[in-house]
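Enquirer: Pasting in a structure now, in structure tokens, and then I'll have a few things to ask.
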Amino acid sequence: PMKFRSLLATAADPAEMALFAERDGVRLADATGRSIRVVVIGPEGGWSDAEIAAAKAAGCQVVTLGGRILRAETAAIAITAIVQNLFGDFN
């Protein structure tokens with residue numbers, strides 16, 4: 001875990017980051033035209049409007065799983081499996 005602003009400031013290429021949020025994002029299938037090297041999972045309670053705006057301003061892709069709200073404890077595991085499947089890591 002790290003502070004969000006620190007992550008944005010130290011990221012090598014924010015365009016390769018996918019920030020998963022419960023709102024204001026594109027579907028994951030629509031974000032696959034970009035290279036995703038870093039997946040960012042939010043805190044319990046979700047991202048603030050200011051954090052989502054900062055991510056977009058930095059060039060991050062904001063992605064949503066639609067109406068699905070995942071618990072902070074399991075979001076990283078579930079999203080890792082989803083992204084690996086999408087990019088063919090599970091053959």
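The values are calculated or read from the model by the stated rules, or taken from the named source; none is laboratory data. Computed from a prediction, not measured in an experiment: that's the story for all the values here. Positions of Cβ are backbone-derived with ideal geometry, glycine not excepted, and every protein chain shown enters the neighbour counts. With ligands, DNA and RNA removed, areas are computed over all heavy atoms of the protein, side chains included. Shrake-Rupley method; radii C 1.70, N 1.55, O 1.52, S 1.80 Å.
Enquirer: So what is the relative contact order of the chain, in percent, for Cα pairs below 8 Å that sit 6 or more residues apart?
Expert: Values: 102 pairs, mean separation 32.6, N = 91.
RCO, the chain: 36 percent.
Enquirer: Show Lys3, Lys56 ordered by accessible area, largest first, where the area counts protein heavy atoms only and the probe is 1.4 Å. Before the final figure, lay out each step's value.
Expert: On the way: Lys3 155, Lys56 105 Å².
So, going from the largest accessible area down, we get Lys3, Lys56.
Enquirer: When only DSSP loop residues count, what GluC sites (Glu not before Pro) in the range 1-51 have their Cβ near at most 15 other Cβ atoms within 10 Å?
Expert: Passing sites in the range 1-51 are Glu44.
Enquirer: Carbon and sulfur together cover what percent of the accessible area of the chain at a 1.4 Å probe radius?
Expert: Working: 3100 of 5700 Å².
Its accessible area is 54 percent carbon and sulfur atoms.
Enquirer: Sticking with this one: Given the DSSP H assignment, sum -39500 (n - 2.57) over each helix run of at least 4 residues in the chain and divide by its residue total; what's the result at 222 nm in deg cm²/dmol, nearest 500?
Expert: Computed mean residue ellipticity for the chain: -10500 deg cm²/dmol.
Enquirer: Ignoring everything but the protein chains, give the 1.4 Å probe accessible area of Ser48 in square angstrom, nearest 10.
Expert: 50
Enquirer: Per residue, how much accessible area does the range 1-78 have with a 1.4 Å probe, in Å²?
Expert: On the way: 4740 Å² over 78 residues.
Value returned for the range 1-78: 61 Å² of accessible area per residue.
Enquirer: When all protein chains stay in place, what accessible area (Å², nearest 10, 1.4 Å probe) is found for Thr10?
Expert: The accessible area comes out at roughly 100 Å².
Enquirer: For Asp89 and Val26, what is the calculated FRET efficiency with R₀ set at 25 Å and r taken between the beta-carbons, to the nearest 0.05?
Expert: Plugging the Cβ-Cβ distance into 1/(1 + (r/R0)^6) gives 0.75.
Enquirer: Would you mind listing how long the chain runs along its three principal axes, going by Cα atoms, in whole Å with the largest first?
Expert: Largest to smallest, the principal-axis extents are 37, 27, 23 Å.
Enquirer: Let me know the longest stretch in the chain that avoids all chymotrypsin sites (Phe, Trp or Tyr not before Pro) found in a DSSP loop with at most 14 other C-beta atoms within 10 Å.
Expert: Details: sites that count: Phe87, Phe90.
It runs 1-86.
Enquirer: Can you bin the range 46-85 into rounded, prolate or oblate? Criterion: square roots of the alpha carbon gyration tensor eigenvalues sorted a ≥ b ≥ c, rounded for a/c under 1.5, prolate for a/b above b/c, oblate for the rest. Please list the in-between numbers first.
Expert: On the way: a/c = 2.34, a/b = 1.60, b/c = 1.46.
Here the range 46-85 falls in the prolate category.
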